[in-house]
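Colleague: Here it is: the structure, laid out below.
The values are calculated or read from the model by the stated rules, or taken from the named source; none is laboratory data. These figures come from a predicted structure and were not determined experimentally. As a convention, Cβ positions derive from the backbone with ideal geometry for all residues, glycine included, and neighbour counts pool all protein chains shown. For the accessible areas, the whole protein counts, side chains as well, though only heavy atoms, and no ligand, DNA or RNA atoms are used. Shrake-Rupley method; radii C 1.70, N 1.55, O 1.52, S 1.80 Å.
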Amino acid sequence: MASAALLKSSFLPRRSEWLAGHSLRPSSYSQPAAITFTVRAGAYSDELVKTAKSIASPGRGILAMDESNATCGKRLASIGLENTEANRQAYRTLLVSVPGLGQYISGAILFEETLYQSTVDGKKMVDVLVEQNITPGIKVDKGLVPLAGSNDESWCQGLDSLASRCAAYYQQGARFAKWRTVVSIPNGPSALAVKEAAWGLARYASIAQDNGLVPIVEPEILLDGEHGIDRTFEVALKVWAEVFFYLAENNVMFKGILLKPSMVTPGAECKEKATPEQVAEYTLKLLQRRIPPAVPGIMFLSGGQSEVEATLNLNAMNQGANPWHVSFSYARALQNTCLKTWGGRPENVKAAQEALLVRAKANSLAQLGKYTGEGESEESKEGMFVKGYTY
C-alpha cells in the first residue's frame with residue numbers, strides 16, 4: 001500500500017466545476033481543508049503497471065472486438081449472415097489469427113463469449129492472441145439503462161458481482177478490462193448523469209485493479225448533436241474533471257489504468273466540420289488540462305468516424321511529443337473494410353485479414369505521427385456515424 005501526493009489543481013476539477021450544485025459550510029471557503037488519500041492496487045500493483053505499459057507500446061494500439069452478441073449479429077446481418085455462435089466464432093477467428101497482427105496491435109478487447117471461446121481450429125482465442133504478443137482484455141459492463149431523474153439520459157450497470165467476474169476473467173487469461181458509459185450533449189448533459197458516469201467508472205476501476213485487471217476508463221461523449229467543437233470541449237472538461245476526482249477518491253492507481261476518451265470534435269450534425277489539426281488542438285488541450293502524466297496510455301475511440309478520418313485525427317495528435325502514449329482503441333474504424341471484404345465466404349478470409357492489417361498498420365503509423373493518407377480507398381473514407389447508436 002503506497003501513499004500518493006495530493007493531485008495538483010491542474011488535473012483535478014476546479015472547485016466551481018465539481019462542487020456545482022453541492023452545499024458547503026461557509027468555513028469551507030475561508031480555510032481549505034487538508035486532503036489526503038491512499039492509492040492502492042493490492043498484490044497486483046507491479047503487474048498492472050507492466051501490463052499498461054505493454055499495451056501502451058510505441059506504434060501499437062487496441063483492437064476493440066467486444067461487441068455484444070446482439071451487436072455482432074447486426075454486423076453479420078450487414079453481410080447477409082445469420083447471428084449464430086458458429087458465424088460469430090468464424091468472424092472472431094478471422095480477426096485474432098491475422099498473421100503479423102501483433103506488430104501493430106498490443107491488446108484486444110473481447111466479449112465474454114469470445115474470452116471462453118475457441119477458434120474454428122480448436123485453439124483458445126486467448127492463446128492465439130498471446131502467441132502474437134497481444135494482451136487479451138474483456139468488456140465487463142452490462143450495458144446502458146435509463147437514468148431515473150435525468151433528462152432522458154443513461155447510466156451503466158454491472159457493478160454487482162463485478163469483483164467475482166473480474167477474478168474469473170483473470171483466471172481465463174484476461175489482463176485488462178473495459179467499462180463504457182456515455183454522456184449525451186443534446187440531453188444536457190445533466191449534473192446527475194455526469195456524476196453517475198464518473199462514480200461508476202471509478203468504482204469499476206478500483207474493483208478491476210483489485211482483481212488484477214488494468215481498467216480502461218471510457219466515458220464516451222457521444223457524437224450525436226448539432227453543437228460545435230467548443231461545446232464538446234466544454235463538456236469534456238467537466239466530465240474528465242469529475243472522472244479523475246472520483247478515481248482519486250476510490251484510491252485508483254493512475255499508473256495502472258488506460259483511458260479511452262472521445263476525440264474533441266463537433267457534433268456529427270454540426271454544419272461546421274473540423275480539420276484533423278483542429279481536432280488535435282482541442283483534444284490535446286483537453287488532455288493537458290485534465291489528464292495526469294502518470295497515466296500511461298490514451299487509447300482513443302473512433303465513435304463513428306470513418307476509417308481514414310479516425311486515422312488522420314490520431315496522426316495529427318502525434319505530430320509533437322506527448323507525456324502519454326496517444327493511440328487507438330478502434331472497433332468499426334478497424335473492422336469495417338475487413339468485414340465487408342470477408343462477406344462470410346471462406347475463400348475471402350485471407351483478403352479480409354489483409355484489409356485488417358492495412359488498417360492496423362495505418363493506425364500504427366498514425367500513433368508514430370507518420371501516416372500520410374496516401375492510397376486509401378473511397379470506402380475507407382465513408383463515415384460510420386449512426387444517430388442514437390447502441391451496442
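Residues are listed down the side, and each one gets a yes or a no for (1) in contact with an Asp or Glu (Cβ under 7 Å, 6 or more places away or on another chain); (2) part of a strand (DSSP E or B); (3) open to solvent by 50 Å² or more (accessible area, probe 1.4 Å):
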site: G80; (1), (2), (3): no, no, yes
site: P99; (1), (2), (3): no, no, yes
site: G122; (1), (2), (3): no, no, yes
site: V126; (1), (2), (3): no, no, no
site: W155; (1), (2), (3): yes, yes, yes
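Colleague: Can I ask one more? So, A86, is that one farther than 24 Å from K142 by Cα, open to solvent by 10 Å² or more (accessible area, probe 1.4 Å) and assigned to a helix (DSSP H, G or I) or not?
Modeller: No.
Colleague: As an exercise: evaluate K195 against (1) among the charged types (D, E, K, R); (2) farther than 14 Å from L259 by Cα; (3) not in a helix (DSSP H, G or I) and give the number of the one condition it does not meet.
Modeller: Looking at each condition in turn, K195 falls short on (3).
Colleague: Name the pairs: first residue in segment 196-207 and closer than 10 Å to N250 by Cα, second residue of a type in the set (K, R), Cβ to Cβ under 9 Å, at least 6 apart or on different chains?
Modeller: S206/R40
Colleague: Cβ contacts < 6 Å: first residue closer than 30 Å to N151 by Cβ, restricted to segment 164-192; second residue open to solvent by 40 Å² or more (accessible area, probe 1.4 Å) and charged (D, E, K, R), any location; separation 6+ or different chain. Result?
Modeller: From segment 164-192, the pairs are N187/D152.
Colleague: Inside segment 101-112, can you point out the residues that are open to solvent by 10 Å² or more (accessible area, probe 1.4 Å) and touching a helix residue (DSSP H, G or I) at 6+ places or on another chain (Cβ under 6 Å)?
Modeller: Selection gives Y104 alone.
Colleague: Additional query: Tally up the residues in segment 296-326 that are touching a Phe, Trp or Tyr at 6+ places or on another chain (Cβ under 7 Å) and within 23 Å of K50 (Cβ to Cβ), please.
Modeller: The number of residues fulfilling the criteria is 5.
Colleague: Still on this model: Filter segment 240-257 down to the residues that are under 16 Å from the mean Cα position of the chain (by Cα) and open to solvent by 10 Å² or more (accessible area, probe 1.4 Å) and list them by number.
Modeller: F254
Colleague: Which pairs have Cβ atoms under 9 Å, sit 6 or more apart or on different chains, and link a residue in segment 223-238 that is on the phi < 0 side of the Ramachandran plot to one that is surrounded by 17 or more Cβ atoms within 10 Å (Cβ to Cβ) and among the charged types (D, E, K, R)?
Modeller: That search, which allows pairs on different chains as well, returns A236/R290; L237/R290.
Colleague: Please go through segment 330-356 and give me each residue that is open to solvent by 50 Å² or more (accessible area, probe 1.4 Å) and either basic (K, R) or not in a helix (DSSP H, G or I) (or both), ordered by number.
Modeller: K340, R345, K350
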